[in-house]
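The values are calculated or read from the model by the stated rules, or taken from the named source; none is laboratory data. Only a predicted model underlies this, so the values are computations on that prediction, with no experimental measurement involved. Cβ placement follows ideal geometry from the backbone for every residue including glycine, while neighbour counts extend to all protein chains displayed.
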Amino acid sequence: MTATVTLVGAGPGDAGLLTLRGLRALERADVIVADRLGARSVLAQLEAEGVTIPAEVIDVGKLPGHHRVPQDAINELLVELALAGREVVRLKGGDPFVFGRGREEQLFCEAAGVRVEVVPGVTSAVSVPAVAGIPLTHRGVAASFSVVSAHDQIEPGGSVSASGSDHTLVLLMGVSTLGHSAHVLAAGARGAGCPVAIVEDGYGSGERVTVGTLGTIAQLAAARQVRSPAVVVIGEVVRLSPFAASLAPAAVSEPRSADAVDAAPPASGPASAPEPVAAAEFTSSAAPGSPSRPVRRRPRSRLAAALDAGLAVDTGLIRAIDAHSSPASSRKAPQS
């Protein structure tokens, strides 16, 4: 029997977005080495829905600024378990090859004679903006996007800061460096008026959207105590979200030189009052009379929240969603 590790992307934390191939791998595993973001939430939801996952679960989750288990130790653990004849699944949040260090783990295992099967996952970079109604590309608005690590990829004069607001930027791991990122990008081609959205805890119980501009988002995030995990979206596509109604119309402005960064550091204390923020906190619960289950986000609840907040939303779309979510529709296509 060949020693094998199956590297599975758990998606953003909703079991409904776990791939069927990933689910099959979990069902046949006898040990799961799981990350914190997405992975543990998916396992808990599967258990609550009656899916049998008999495997032992080893938690190697990482917290912001604190790595519970060092990466080298995780690599060695995977090899040790596989060579001992265990059916090993390495369960990682999102997609293991999008800032997930999945390839590092694969190379380490293969160098030790362990075969690795990769099961891609739904990356939070795409799925989490979608829950706020933000497409990463849209005809006539943005034809391309980049996914970057905010820890080390946003610097004055770099290719990221030189791109305009018609190119969407998605920042992962970007909460702790948000002030720096916004300042650098505002001083570049985008300008301070470029729209920004932060989606916290996408698909989780604390899901929340904060919308502002590069000039205001750091102050807004501090005032609202925005926390990780969160995905930051920067670009004109943010205006397409139902939660961006308070943003001023797009205006043509002259690009600013990145050299301005040194001349105008971000304020460390209170400044002028921020512009109004279009933000919403989402909650969800099971239908009356049904058993309790983990929070599942559905488009109807978000759009209804937008209407309640007085935002402009296509009511025809809501009616279509209502029709799809009716009991008759549910019987034809039950939720996974």
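I need the full set of residues from region 133-165 which are without any contact (Cβ under 8 Å) to a residue 40 or more places away in the chain, under 26 Å from residue 245 (Cα atoms) and either of a type in the set (Val, Ile, Thr) or touching a strand residue (DSSP E or B) at 6+ places or on another chain (Cβ under 9 Å) (or both), in order please.
Selection gives 143, 144, 146, 163.
Before we move on, is residue 126 within 15 Å of the chain's Cα centre (by Cα), in a helix (DSSP H, G or I) and over 24 Å from residue 74 (Cα atoms)?
In short, yes.
Taking the options 171, 178, name whichever one is out of contact with any Ser or Thr (no Cβ under 9 Å at 6 or more places or on another chain), modelled with pLDDT of 85 or more and aliphatic (A, V, I, L, M).
None of the other options fit; the residue is 178.
For region 207-238, name all the residues that are polar (S, T, N, Q) and under 19 Å from residue 166 (Cα atoms).
Within region 207-238, 213 is the sole residue that qualifies.
Matching residues to (1) loosely packed, with under 13 Cβ neighbours inside 10 Å; (2) over 23 Å from residue 148 (Cβ atoms); (3) in contact with a strand residue (DSSP E or B) (Cβ under 8 Å, 6 or more places away or on another chain); (4) not assigned by TED's automatic domain parsing to the domain that holds residue 200:
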| position | (1), (2), (3), (4) |
| --- | --- |
| 35 | no, no, yes, yes |
| 42 | no, yes, yes, yes |
| 51 | no, yes, no, yes |
| 91 | no, yes, yes, yes |
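Being within 29 Å of residue 15 (Cβ to Cβ) and either in contact with a helix residue (DSSP H, G or I) (Cβ under 7 Å, 6 or more places away or on another chain) or in a loop (DSSP other than H, G, I, E, B) (or both): is that true of residue 161 here?
no
Taking the conditions exactly as written (within 22 Å of residue 18 (Cα to Cα), of a type in the set (Gly, Ala, Ser), in contact (Cβ under 8 Å) with a residue 40 or more places away in the chain and not assigned by TED's automatic domain parsing to the domain that holds residue 238), does residue 61 satisfy them or not?
Spelling it out, it is not the case that residue 61 is within 22 Å of residue 18 (Cα to Cα), of a type in the set (Gly, Ala, Ser), in contact (Cβ under 8 Å) with a residue 40 or more places away in the chain and not assigned by TED's automatic domain parsing to the domain that holds residue 238.
Among the residues of region 101-134, write down those that are touching a Gly at 6+ places or on another chain (Cβ under 6 Å), crowded, with 22+ Cβ neighbours inside 10 Å and either closer than 17 Å to residue 32 by Cα or of a type in the set (D, E, K, R) (or both).
119, 121, listed by residue number.
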